[in-house]
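First up is the structure itself, then whatever we jot down about it.
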Amino acid sequence: MSSEQTPTTSETAGPRPRRLTYAAALAGLEGLALVAGGVWMLVEGFAGDPDDRQSAVTGGITLIVLALLPLLAARGLLGRRSWSRGPAVITQIMALPVAYNLLQADSVAIPAGIALAVVAVAALILLVNPATTQALGIRGPGRAQDGKQ
């Protein structure tokens, strides 16, 4: 289908709310951090002297693949696609236990855990905000297409 047949939310509404832009930026930031971590693990796996080369390579590839979810969600949020809120929320919910585990470490991982927790909670708040929901064209449960119940 062409874009003429299926108008997007951005064509029918005003400018994108800042909250939606900020949520997209946070999701994109998380995706880029996952890519960076995955590349770092791959480099360590191939060039460094890891305890287990196979685990380092597998972990690096896994992080890079996992980065696709928040990166696609960020792109969808910027494009005001209603489907993108689900993957963005899932990403934040998955980030919270990771942040908790980083906070339990006795190392330099504690600041990373704090940063991840702050980003995840902030992104969740932005994603469930009514302005974001309206900008994405998401209707509440029980609401018909034409606004009648």
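The values are calculated or read from the model by the stated rules, or taken from the named source; none is laboratory data. A quick note: this is a predicted structure, and the numbers were derived from the prediction, not measured. Only protein heavy atoms, including side chains, enter the accessible area calculation; ligands, DNA and RNA are left aside. Shrake-Rupley method; radii C 1.70, N 1.55, O 1.52, S 1.80 Å.
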- Given the convex hull of the Cα atoms of the range 38-149, what is a quarter of its surface area in nm²? 9.0
- Item | Solvent-accessible ranking of Glu44, Glu30, largest area first, probe 1.4 Å | Glu44, Glu30
